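Notes to accompany the following structure.
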Amino acid sequence: MKKRLCDLASGETGIIDAIHGPVHDLMCLGLRAGKAVKMVTKQPAKGPVVVLSGEVEIAMGAGTAERVDVIVTPPEA
């Protein structure tokens, strides 16, 4: 199933499928297509989100997270 990064639930994981719009800033943070991410936390009312990519926590605005498509991976057993 495909979702926007901003729509992942806390603890949900996925693989980045595509980034729409400017990618330079996200690539500098280590986010690119094919990279695994996990939602750590997101604030209500279009507040910032924090995702984990490898060992690095990355915070970004909701508008940025809306531009990232993620293929949701099933939870680990």
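The values are calculated or read from the model by the stated rules, or taken from the named source; none is laboratory data. Note that the structure is predicted; figures quoted are calculated from it, not measured. Neighbour counts are summed over all protein chains in view; Cβ atoms, including those assigned to glycine, are modelled from backbone coordinates with ideal geometry. What goes into the accessible areas is simple: the full protein's heavy atoms, side chains included, and nothing from ligands, DNA or RNA. Shrake-Rupley method; radii C 1.70, N 1.55, O 1.52, S 1.80 Å.
Summary table
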quantity	calculated
Pair list, Cβ < 6 Å and 6+ apart or interchain, from the range 61-76 residues that are open to solvent by 40 Å² or more (accessible area, probe 1.4 Å) to residues that are part of a helix (DSSP H, G or I)	Glu66/Cys6
The range 17-29 - residue that is touching a helix residue (DSSP H, G or I) at 6+ places or on another chain (Cβ under 8 Å) and not charged (D, E, K, R) and, of those, modelled with the lowest pLDDT	Leu26
Residue that is at pLDDT 90 or above and over 11 Å from Gly14 (Cα atoms), where the choices are Val50, Val70	Val50
Selection status of Gly14, crowded, with 17+ Cβ neighbours inside 10 Å and either at pLDDT below 90 or of a type outside the set (Phe, Trp, Tyr) (or both)	yes
Options Leu26, Leu8; residue that is without any contact (Cβ under 8 Å) to a residue 60 or more places away in the chain, open to solvent by less than 30 Å² (accessible area, probe 1.4 Å) and among the aliphatic types (A, V, I, L, M)	Leu26
Any chance Pro48 is more than 19 Å from Ile71 (Cβ to Cβ), under 12 Å from the mean Cα position of the chain (by Cα), without any contact (Cβ under 8 Å) to a residue 40 or more places away in the chain and open to solvent by 50 Å² or more (accessible area, probe 1.4 Å)	yes
